[in-house]
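For reference, the structure discussed in these notes is given below.
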Amino acid sequence: QVQLQESGPGLVRPSQALSLTCTVSGGTITTSFDYWNWIRQPPGKGLEWMGAISYSGSTYYSPSLKSRTSISRDTSKNQITLQLSSVTPEDTAVYYCARGRVVTAIYEYDYWGQGTQVTVSS
């Protein structure tokens, strides 16, 4: 069974960079056709897809966040890293990593991490 766990600082200062790590177990991030996503949910709001990295290392970003977002991976550690620069209080959210797959032409998130709370505050 695939498990994902997010980790990183719970508090970050405005204008600084946020770095979160998703550690994957029970599967490998290089498995063909798997996509590893970062999704966040601000308080009182819906889920927002931020971006993803594919099994081959290709990256994809939400247009609204592309200029500030970088997703990378460490295949030796089976980890996915999210970096979000120039954060503001609007970036306060619960951050999730999730595995994505295309199932019958529908993109599906089949495994999720538990999420980690990130608060941007001075």
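The values are calculated or read from the model by the stated rules, or taken from the named source; none is laboratory data. Computed from a predicted model, the values in this text were never measured in an experiment. Reconstructed Cβ throughout: ideal geometry from the backbone, glycine too, with neighbour counts over all protein chains shown. Please note that ligands, DNA and RNA were not included when accessible areas were found on the heavy atoms of the full protein model with its side chains. Shrake-Rupley method; radii C 1.70, N 1.55, O 1.52, S 1.80 Å.
Listed here are the residues, each with its yes/no results for (1) open to solvent by less than 40 Å² (accessible area, probe 1.4 Å); (2) modelled with pLDDT of 95 or more; (3) not in a loop (DSSP other than H, G, I, E, B).
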{"residue": "45", "(1), (2), (3)": "no, yes, no"}
{"residue": "70", "(1), (2), (3)": "no, yes, yes"}
{"residue": "80", "(1), (2), (3)": "yes, yes, yes"}
{"residue": "87", "(1), (2), (3)": "yes, yes, no"}
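Among the candidates 16, 5, which residue alone is surrounded by fewer than 17 Cβ atoms within 10 Å (Cβ to Cβ), in contact (Cβ under 8 Å) with a residue 40 or more places away in the chain and touching a Cys at 6+ places or on another chain (Cβ under 8 Å)?
On the way: 16 fails: touching a Cys at 6+ places or on another chain (Cβ under 8 Å).
Just a single option satisfies the conditions, and that option is 5.
Go through segment 1-33 and count every residue that is under 24 Å from residue 90 (Cα atoms), part of a strand (DSSP E or B) and more than 15 Å from the chain's Cα centre (by Cα).
Count: 2.
Sort through 36, 49 and tell me the only one that's open to solvent by less than 50 Å² (accessible area, probe 1.4 Å), among the aromatic types (Phe, Trp, Tyr) and under 12 Å from the mean Cα position of the chain (by Cα).
Sole residue among the options that is open to solvent by less than 50 Å² (accessible area, probe 1.4 Å), among the aromatic types (Phe, Trp, Tyr) and under 12 Å from the mean Cα position of the chain (by Cα): 36.
Do we find that residue 56 is at positive phi, over 11 Å from the mean Cα position of the chain (by Cα) and in a loop (DSSP other than H, G, I, E, B) in this structure?
no
Restricting to segment 103-116, count the residues that are part of a strand (DSSP E or B), open to solvent by 30 Å² or more (accessible area, probe 1.4 Å) and under 24 Å from residue 10 (Cβ atoms). Write out each step before concluding.
Going through segment 103-116, the residues part of a strand (DSSP E or B) turn out to be 103, 106-112, 116.
The next check asks that each one be open to solvent by 30 Å² or more (accessible area, probe 1.4 Å); those that pass are 103, 106-112.
Then drop every residue that is not under 24 Å from residue 10 (Cβ atoms), which leaves 109, 111-112.
So the answer is 3.
Sort out which residues of segment 89-102 are under 19 Å from residue 60 (Cα atoms) and surrounded by fewer than 13 Cβ atoms within 10 Å (Cβ to Cβ), and write them in order of number.
Of everything in segment 89-102, just one residue is under 19 Å from residue 60 (Cα atoms) and surrounded by fewer than 13 Cβ atoms within 10 Å (Cβ to Cβ), namely 102.
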